[in-house]
Amino acid sequence: MKLTHVLEGLRTLCVAYKKLTAEEYSKAQKLLQNAKLALQDREKKLADAYEKIERDFILLGATAVEDRNLSIYVVHRLQEKAADTIEALQKAGIKVWVLTGDKMETAAATCYACKLFRRNTQILELTTKKIEEQSLHDVLFDLSKTVLRHNGSLTRDTFSGTQIVKLIKLSKEHPITLAIGDGANDVSMILEAHVGIGIIGKEGRQAARNSDYAIPKFKHLKKMLLVHGHFYYVRISELVQYFFYKNVCFIFPQFLYQFFCGFSQQTLYDTAYLTLYNISFTSLPILLYGLMEQHVSADTLKREPSLYRDVAKNALLRWRAFIYWTFLGVFDAVVFFFGAYFLFDNTILTSNGQVSVGLDQSLKANDNQHSHGKTIVDLS
């Protein structure tokens, strides 16, 4: 039952007792008194004293109350569907950091409550003493988790939201960072991240005013990232690739035409066609595509967060996709040009601009010339 209370994010208090003899009580009192009067390492000596005394207790029961100081990204209360939102972000391949100023126990309870930690999660505690003895990079390297690179020393003062964001930016993968908070103390962290989101809460609107986007509840982050973020990235990537494709299809036929016009710099297109091309193939189609395109429904994206992995790490704007669209534009341009060229190859207009006359028309022209005494003038 105690474990259930902790996993639910409740502040749990265990009540226990232990019978002490007069001699044991005297030793315990003397041990605590010496620890309290110590001039150096007082907190450590007190902790060691309590560790020796608080053993072999008999449990009477446990109480659990809601802790309003639990924080999710410094949001002072575990909000509705916050755990489901963080779990969905993890399934989408997004690395989640929970930053809180509470005690270690409260921070761990917060992570368990928001499903960031599991029962089998290996927890690495980085205390001030351990960081002073060994750098953060070395600690993570010893556990085969070389995630961060940091130049210089690390002290307790650097463990703020802003410094955490800077550390993540300095990692090997150079990821895109997103910070979310609801208070004025989160403004620096929100401004430091690539994308800042402010929650309009009880602590005012300072975070929302200094953020790129503002939302009323933490649970709205799921739809904002996994649905609207997915749609926006797909649409903007297709827009960029389409503009390259459109320009290649437009310019490459003009380049090919120069080989057939004696490099006279004669334009292939009429002025009206130039204007209509930009209107018809640049603004209207991509505008409709940007407003209407949904290759996957919003409900499916919310139900399957793993689909976000398909567009993660700029997958649709890599060199492979760019080269594909470029070659597609060149291929279509060749089809457009030579398709029109061979389509009009057997018409009355020859390549040198003269009018070709068929055999039957030539015979009739000769008959008319002899009968009427008229001469047919070359139209070239």
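The values are calculated or read from the model by the stated rules, or taken from the named source; none is laboratory data. Just so you know, these numbers come straight off a predicted model, no measurement behind them. Note: ideal-geometry Cβ built from the backbone for every residue, glycine included; neighbour counts use all protein chains shown. Heads up: the accessible areas ignore ligands, DNA and RNA and are worked out on the full protein's heavy atoms, side chains in. Shrake-Rupley method; radii C 1.70, N 1.55, O 1.52, S 1.80 Å.
In this structure, does PHE218 turn out to be of a type in the set (Phe, Trp, Tyr) and surrounded by fewer than 22 Cβ atoms within 10 Å (Cβ to Cβ)?
When the stated conditions are applied, PHE218 does not pass them.
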The range 195-207, residues that are part of a strand (DSSP E or B) and either modelled with pLDDT under 85 or open to solvent by 80 Å² or more (accessible area, probe 1.4 Å) (or both): GLY201, GLY204
Sole exception among (1) modelled with pLDDT under 90; (2) open to solvent by less than 10 Å² (accessible area, probe 1.4 Å) for ASN210, by number: (2)
Every residue in the range 316-329 that is open to solvent by less than 50 Å² (accessible area, probe 1.4 Å) and β-branched (Val, Ile, Thr), please. THR326
Matching residues in the range 95-106 - criterion: being surrounded by fewer than 16 Cβ atoms within 10 Å (Cβ to Cβ) and over 25 Å from ARG309 (Cβ atoms): GLY101, ASP102, LYS103, MET104, GLU105
Filtered residues of the range 221-230 (kept if crowded, with 18+ Cβ neighbours inside 10 Å and not basic (Lys, Arg)): LEU221, LEU225, LEU226, VAL227, GLY229, HIS230
How many residues does the range 1-56 hold that are at pLDDT 85 or above, over 30 Å from TYR112 (Cα atoms) and among the acidic types (Asp, Glu)? 2
Going by what's in this entry, would LEU349 be described as touching a strand residue (DSSP E or B) at 6+ places or on another chain (Cβ under 9 Å), surrounded by 11 or more Cβ atoms within 10 Å (Cβ to Cβ) and at pLDDT below 85? yes
